[in-house]
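Below is one structure, written out as structure tokens; the observations come after it.
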Amino acid sequence: MVTTAVDNYYDGLNEKLLHAVPDAGKVLELGCANGRLGRRYKELHPDARWYGVDLNAEAVKTAAHVLDGAFALDLDVDSLDAIGSGYDAIVIGDLLEHLKDPERVLTRLLEVSTADARLVCCIPNMAHISVLERMLAGDITYDENGLLDKTHLRFFSPASVFKTFLDAGWMPHLVDHYSAGHANPQFVQGLIATAATIGIPQQTVERNLFMYQLIVECTKAPAATPGDAPPFTVIAAVNRDNQLQMNLLHSPGLAEVGAHVALCRNSASAAEAFEQGLQQAPSPWVIYAHQDVYFPKGSGYALSRLFASVPEDEAPDTLIGFAGMALDEQSRAMKSGLVIDRIHRFDFPASDRAISLDEFAIAVHRSTRHRLDRELGWHLWATDLCLAAAVHGRPLAKIVRIPLFHNSFAEAALPPAYYASAERLSAKYPTVSVIPTLCGNISVQ
């Protein structure tokens, strides 16, 4: 028996969701039920004002006695005008999966919340092992509650819900979860072994299979205004078509500007794939990205405007990254950029003094003077571009804040090829004592 936040919905208290709610003066809860979560929060934060919304009119009447206000609304139909604005925290407990268009509601919440608002949400994970077991048995009969609740309209997995948040203008981060395992260890080990045949590591498999519900915290993404935006080209080396289809080729940010995609297969190195793709690029600006990168709504407009802002005479020397290491005002190494990396939000200031870039995506002009080193293989070539620019007296690379989703299968462990590339990089720059990267410092002997 799995005890989760969905048990006894109208009188239940989701403890993990409660702990994820930040200190706030004015809170909006969608799916407030009888108001127990808000009542407990107000006991812990007496100065807070908590307002609830629920479809069930009787529950709203009960909630109104313990909250500062409660509204009976059908979020699929009714306007949110009645709830007011100025909320600095928004709480959504086990509700998005019941909505016909959750992205529309999430987008509307941007307008009723403050600039630095936080949104926290509890969401069931349809990639859980119990659902997969039913799928393998050919029987996904719906239940009265739980993951296959018969009132669920939308199914979410960790990656798909992150994409939904990003497309609605929110930047997600997994802060907690409810777990539920499986009684048959042979079944679990069989799934882990099967996943390994398609390159998915055990840590990723176990996380996806055993998380029953996700507790996600979001901040607001930088605004991107639609409008005229010239297309650019995206180059990607491909070795997993399914991953490519679910991410890069499924990206609304690329579709919104009509971006051209150049796919390179059977390449021996990142440099070889880039050179092949560059020959196919019809656009002045090129993004070299992994096949597992997802460009959310608005990112295409933001990128197109970024490229248009670069003076023509500076374009050949311009190197742009989305996450990496840069120098602060005291020339100390610091993290820089903005990316949703797997289940985490990497959120740091922009910089025009980058000293290392993550290879998941970089941007250059088609006339670029930057050249990738084939001997570095698939690792650290973007950091090499940063170091080469400094050595040759060219402008340092820039790191921008345009949120992309790096939806990688990989985990923290670095492959042997990375260390081989690190040795090659060290040999190229013997006068640099330490090369800072997001994977750690590379010491030059």
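Quick notes on this one:
- Screening the candidates Val112, Val53 for the property of being touching a helix residue (DSSP H, G or I) at 6+ places or on another chain (Cβ under 7 Å), surrounded by fewer than 18 Cβ atoms within 10 Å (Cβ to Cβ) and modelled with pLDDT of 95 or more yields one hit, Val112.
- Condition met for Ile340 (crowded, with 22+ Cβ neighbours inside 10 Å and either free of Cβ contacts under 8 Å to residues at least 60 places away in the same chain or assigned to a loop (DSSP other than H, G, I, E, B) (or both)): no
- Which listed residue, of Ala289, Ala323, Ala333, is more than 29 Å from Gly199 (Cα to Cα) and not assigned by TED's automatic domain parsing to the domain that holds Ala159: Ala333
- Test: residue in the stretch 72-88 that is crowded, with 18+ Cβ neighbours inside 10 Å, of a type in the set (D, E, K, R) and more than 15 Å from Leu13 (Cβ to Cβ): yes
Yes/no matrix, rows are residues, columns are (1) hydroxyl-bearing (Ser, Thr, Tyr); (2) farther than 30 Å from Thr197 by Cβ:
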{"site": "Arg374", "(1), (2)": "no, no"}
{"site": "Gly377", "(1), (2)": "no, no"}
{"site": "Ala413", "(1), (2)": "no, no"}
{"site": "Tyr419", "(1), (2)": "yes, no"}
{"site": "Ser426", "(1), (2)": "yes, yes"}
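- Looking across the stretch 355-373 at every residue that is closer than 8 Å to Thr383 by Cα and among the hydrophobic types (A, V, I, L, M, F, W, C), the one that is nearest to the chain's Cα centre (by Cα) is identified as Leu357.
- Every residue from the stretch 233-266 that is small (Gly, Ala, Ser) and surrounded by 18 or more Cβ atoms within 10 Å (Cβ to Cβ): Ala236, Ala237, Ser251, Gly253, Ala259, Ala262
- Taking residues in the stretch 269-289 that are within 13 Å of His370 (Cα to Cα) and surrounded by fewer than 21 Cβ atoms within 10 Å (Cβ to Cβ), and partners anywhere that are of a type in the set (Lys, Arg) and modelled with pLDDT of 95 or more, the pairs with Cβ atoms closer than 6 Å and at least 6 places apart or on different chains are Ala271/Arg374.
- Among the residues of the stretch 28-44, not a single one is in contact (Cβ under 8 Å) with a residue 12 or more places away in the chain and in contact with a Lys or Arg (Cβ under 6 Å, 6 or more places away or on another chain).
- Test: residue in the stretch 21-30 that is in the same structural domain as Gly146 (by TED's automatic domain parsing), more than 30 Å from Ala180 (Cβ to Cβ), assigned to a strand (DSSP E or B) and at pLDDT 95 or above: yes
- Restricting the stretch 367-418 to residues that are part of a loop (DSSP other than H, G, I, E, B) and small (Gly, Ala, Ser) leaves a set whose member that is surrounded by the most Cβ atoms within 10 Å (Cβ to Cβ) is Gly377.
- Conditions (1) crowded, with 17+ Cβ neighbours inside 10 Å; (2) not in a strand (DSSP E or B); (3) not aromatic (Phe, Trp, Tyr): number failed by Glu314: (1)
- One residue from Ala427, Ala390, Ala350, Ala412 being farther than 27 Å from Ala268 by Cβ and at pLDDT below 95: Ala390
- From Ala388, Ala422, residue being without any contact (Cβ under 8 Å) to a residue 40 or more places away in the chain and among the hydrophobic types (A, V, I, L, M, F, W, C): Ala388
- Selection of first residues in the stretch 130-151 that are within 23 Å of Ile192 (Cβ to Cβ) and of second residues that are of a type outside the set (A, V, I, L, M) and assigned to a helix (DSSP H, G or I), restricted to Cβ pairs under 6 Å at least 6 apart or on distinct chains, gives the following pairs, ordered by first then second residue: Ile140/Arg134.
- Unique residue being under 21 Å from the mean Cα position of the chain (by Cα), under 18 Å from Pro172 (Cα atoms), outside any loop (DSSP other than H, G, I, E, B) and without any contact (Cβ under 8 Å) to a residue 60 or more places away in the chain when the list is Arg108, Arg118: Arg108
- A Cβ distance below 7 Å, combined with a sequence gap of six or more or placement on separate chains, defines the contacts here; from the stretch 202-226, residues that are assigned by TED's automatic domain parsing to the domain that holds Arg108 reach residues that are at pLDDT below 95 and surrounded by 19 or more Cβ atoms within 10 Å (Cβ to Cβ) in the pairs Tyr212/Thr4; Gln213/Thr4; Gln213/Ala5.
- Any hit, the stretch 69-80, residues being modelled with pLDDT under 95 and within 20 Å of Leu17 (Cα to Cα): no
The values are calculated or read from the model by the stated rules, or taken from the named source; none is laboratory data. Please read all numbers here as calculations on a predicted model, not as lab measurements. Glycine gets a Cβ as well: all are built from the backbone with ideal geometry, and neighbour counts include every protein chain shown.
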